[in-house]
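We did not get these values from a lab; they are worked out from the coordinates using the rules stated. Not measured: the values here are computed from a predicted model. Every residue, glycine as well, gets a Cβ built from its backbone with ideal geometry; the counts of neighbours run over all protein chains shown.
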Amino acid sequence: MQVVKNYLYNASYQIFILLVPLITTPYLARVLGPTGVGINAFTNSNIQYFILFGSIGVNLYGNRQVAFVRDDRNKLTRTFYEIFLMRIFTIVAAYAAFLLFLSFTNQYHVYYLAQSVSVVAAAFDISWFFMGVENFRVTVIRNFIVKIITLICIFTFVKSESDLTAYILILSLSLLIGNMTLFPNLKKYIGKIHIKELKIWQHVKPSIALFIPQIATQIYLVVNKTMLGSMTSVQASGYFDQSDKMIKIVLAIVTATGTVMLPHVANAFMKGEIRKTKELLYNSFKFVTMVSIPMMFGIMAIASKFVPLFFTKRFSIVTPLMTVEAVVILLIAWSNALGTQYLLPTRQNRAFTSSVVLGAVVNIVINIPLIFVWGALGATVSTVLSELTVTAYQLYAVRKQINYKKLFENTPKMMLAGLFMYFIVKLIDVRTQGTWGMVFLEIMIGIVVYLVAVLVMRIFPIDDIKKILKK
């Protein structure tokens, strides 16, 4: 039952991170327009590189290490301080690199400085610790309060295109303040320690081992926006960002299992329960497949109505982008289960690293010709192909450890149920008017049709869900 609670907490945590953009996106699309949205997407994509290099893999590494030692208070205390202080040093170095970058940049200086508050915020992000001890409740409460305040500030202070700097500052400061609010909760888990006892730099090498795949992951998360902004226009970067934002919100529900299962599987692996780690993977894989398939087909079916209503007709180009990018929902669900929930907690870092590095290389190589030919749509196609590469490699990497038949049990039937749902919803979509009422009705019909289909075909994994509920 603890795993389910943590999944629900983490799903809420991930959704809250994206909740403000979801609520404010239609408002900002109208107030800031394609140019303002594009400038924010472009400058933020560049800032993410400094956050990435300053964090050096701590989110994954810290989560796993805390899970390994959480039963020993002294080791837990020492591990926290060592990893936290190491990150402080690396973030300071990253901010110095940002200032150097700013001196060579001749545009968007004010926006970059506003975005750089997020780099400082990263130094105080200790959510990895609470994920490692499997306490997701505290992060959910933190995000709920901070995001509500952020939402109020956006609607209060962002009124026109000239308020773009204020908008960026609001988001950056919300990250900083939100991260600071987690510190009072540490006293429950850790005690005092002398600085001389700490061995900070022992964590650098293993953290960098997980940093390399994060570099690759970040590349194909933000490089599309960077390349679009440089090769075509900031507007194209904004179009891609709006599509990507919607897909990431849906993905948050699916990938929340990864962060929850990582410390759970890591703890089981450390106890030598190899069979249990594989069973957890099978059950989780079936669950994310069952959830991601209707989400993928659902977005494809309603995109033509949703986009003009949500973003306005000025963003009509986002419709085909969302339709194509929806495919990554299933691909990332699978790679998240294989990579984050199995390869990382079982210390198969090389296979995980190879998969994401290969995906990043494919993304960059394919991006160049596709962006020249198709612009934002080319970047979207490149994203899908890179995620397909990651998933395919991870499946290859575990071929001798995992039973494919058991892993993909009922997946063809789930795909058939998803396709059936898509055709029913799409048939309604093309024959009705574009109103929010119809979009909501189509979503409800899609959910009912999919659930009925999986129940009729007897593929609803009730036994697997019961196993997860018992954890």
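Legend: distances between Cα atoms for K159/K305; K192/K271; K205/K278; K278/K413; K147/K196; pairs beyond 30 Å are K147/K196.
Any chance you could run the full-extension gain for K406 through K196? It's 0.36 nm times the residue separation minus the Cα-Cα distance, nm to one decimal. Kindly include the intermediate steps, with their values, before the conclusion.
On the way: separation 210, 0.36 × 210 = 75.60 nm, distance 5.05 nm.
Length gained between K406 and K196: 70.5 nm.
Partners of K187 within straight-line reach, counting aspartates and glutamates whose Cα lies under 17 Å from its Cα and excluding those fewer than 8 residues away in the same chain: D71, D72, E82, D125, E134. I need the shape label for the chain. Rule: rounded when a/c is under 1.5, else prolate if a/b > b/c, else oblate, with a, b, c from the alpha carbon gyration tensor. The shape class here is oblate.
Rounded, prolate or oblate: which fits the range 161-249, taking a ≥ b ≥ c as square roots of the Cα gyration tensor eigenvalues, rounded meaning a/c under 1.5, else prolate when a/b beats b/c? Can you show the working numbers first?
Values: a/c = 3.06, a/b = 1.67, b/c = 1.83.
Oblate shape, in that a/c is at least 1.5 and b/c is the bigger or equal ratio.
Return the aspartates and glutamates within reach of K426: Cα separation strictly under 15 angstrom, same-chain partners fewer than 8 residues apart disregarded; answer none if there are no such residues. Here the aspartates and glutamates satisfying the reach criterion relative to K426 are E442. What the phi angles of the range 415-424 give under the Karplus curve with 6.51, -1.76 and 1.60, with θ = phi - 60°, is a coupling list of 5, 5, 5, x, 5, 4, 4, 4, 5, 5 Hz, glycine and proline written as x. Between the range 109-152 and the range 54-69, the C-alpha centres lie 17 angstrom from each other.
Over the range 67-153, the ratio between the Cα radius of gyration and 2.2 N^0.38 Å evaluates to 1.41. Rg and Dmax, both from the Cα atoms of the range 402-444 and both in Å, are 15.4, 48. Taking Cα centre as origin and charging only the Cβ of basic (Lys, Arg, +1) and acidic (Asp, Glu, -1) residues, the dipole magnitude of the chain rounds to 1440 debye.
Which residue, chosen from P26, N349, F310, occupies the Cα position most advanced towards the positive end of the dipole of the range 2-469, where the dipole is computed from +1 (Lys, Arg) and -1 (Asp, Glu) charges on Cβ about the Cα centre? Value computed over the given set: N349.
Could you tell me which of rounded, prolate or oblate describes the range 78-125, using a ≥ b ≥ c as the square roots of the eigenvalues of the alpha-carbon gyration tensor, with rounded for a/c under 1.5 and, failing that, prolate when a/b is larger than b/c and oblate otherwise?
On the way: a/c = 6.82, a/b = 2.44, b/c = 2.79.
Cα axes put the range 78-125 in the oblate bin.
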